[in-house]
Amino acid sequence: CQVCSQFTDTIEHFLVECPAKWPVWCALYNHFFSSCPPKQSDVLSHIFSLKPPPDPLDIRSSQIIGSVLGELWRAHWRLIFDDIPFSSSMIISS
């Protein structure tokens, strides 16, 4: 993994299991779903099954998860192509 330099990059690691990306999911679940730390297997299940947790208040869970996936994707490729360091805190604040 080019983000954490510790593991082989599987799809699960790329999306959720990377130690640099996991804090983003914890912050998301804590803020929107009152569940932190969630289990990595639950987050992966929500992504792969397209069955996210129940919608909080006025926004769809699928939109929240999709937005986080987009930000993780963008930050990952900024590291690869632009040599901009991956920052969980920047993703969480965006």
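The values are calculated or read from the model by the stated rules, or taken from the named source; none is laboratory data. Note that this is a predicted model, so its numbers are computed, not measured. Backbone-built Cβ (ideal geometry, glycine too); neighbour counts: all protein chains shown. The accessibility values were calculated without ligands, DNA or RNA, using every heavy atom of the protein model including side chains. Shrake-Rupley method; radii C 1.70, N 1.55, O 1.52, S 1.80 Å.
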Subject >> Residue among LYS39, LYS21 that alone is farther than 20 Å from GLY70 by Cβ and charged (D, E, K, R) >> reply: LYS39
Subject >> Answer residue from region 53-94, given it is of a type in the set (S, T, N, Q) and within 20 Å of TRP22 (Cβ to Cβ) and is least open to solvent (accessible area, probe 1.4 Å) among those >> reply: SER61
**OP:** Only residues that are buried (at least 18 other Cβ atoms within 10 Å of the Cβ), touching a residue at least 24 places away in the same chain (Cβ under 8 Å) and touching a His at 6+ places or on another chain (Cβ under 9 Å): list them for region 10-52, please.
**Re:** LYS21
Original post:
Any idea how many residues of region 23-40 are hydrophobic (A, V, I, L, M, F, W, C), in contact with a Phe, Trp or Tyr (Cβ under 6 Å, 6 or more places away or on another chain) and modelled with pLDDT of 80 or more?
Top reply: 0
Subject >> The lone exception for LEU57 - which of (1) aliphatic (A, V, I, L, M); (2) at pLDDT below 80; (3) in contact with a Leu (Cβ under 7 Å, 6 or more places away or on another chain) it fails >> reply: (3)
Original post:
Which of (1) under 20 Å from ASP9 (Cα atoms); (2) β-branched (Val, Ile, Thr); (3) at pLDDT below 90 does VAL43 not meet, given it meets every other one?
Top reply: (3)
